[in-house]
Amino acid sequence: MNLEPLRHKLISTARANPPDDHVPYAFEKRVMAHLGTKPAMDLGAIWARALWRAAAPCVAITLLLGAWSLFTASETTAGESLSHAFEQAMLAVVDQSEEAW
């Protein structure tokens with residue numbers, strides 16, 4: 001889109017229609033009334049701002065807990081890894097039901 005001809009058309013149209021000196025009735029009062037009112041509260045913007053502020057601490061906590069779990073002893077007292085102990089605990093019910101049949 002060529003902007004230069006569009007700009008010339010807009011300027012020529014504006015020059016062809018000069019502004020009017022007439023001001024609508026009570027225009028100043030309407031403008032002053034709008035200046036004194038507070039803008040409507042945007043709940044979406046408030047939530048978005050709060051969530052963005054909470055994102056950095058959440059990432060920091062996640063990194064700290066991840067590093068803590070990585071550097072702590074990953075072996076249990078029986079010498080099994082945590083994943084093996086978790087798997088045994090989850091499958092304990094399955095093993096018990098097979099023995100009952």
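Brief remarks follow.
- Of Ala48, Ala56, Ala33, the one that fluctuates the most in a GNM where the chain has Cα springs shorter than 10 Å: Ala33
- Within region 1-60, the chymotrypsin sites (Phe, Trp or Tyr not before Pro) that combine a DSSP coil assignment with at most 15 other C-beta atoms in a 10 angstrom radius are Tyr25.
- Top of Ser83, Ser12, Ser69 by mean-square fluctuation, Gaussian network on the chain, Cα under 10 Å: Ser12
- Top of Thr13, Thr37, Thr72 by mean-square fluctuation, Gaussian network on the chain, Cα under 10 Å: Thr13
- The long axis of helix 3-16 is offset from the longest Cα principal axis of the chain by roughly 40 degrees.
- The chain - Kirkwood radius from inverse mean 1/r over Cα pairs (Å): 23.0
Any read-out appearing in this document is the output of simple, stated calculations on the displayed coordinates, not a laboratory observation. As the structure is a prediction and not an experimental result, all values here were calculated from the model. Positions of Cβ are generated from backbone atoms using ideal geometry, with glycine treated the same way; all protein chains shown enter the neighbour counts.
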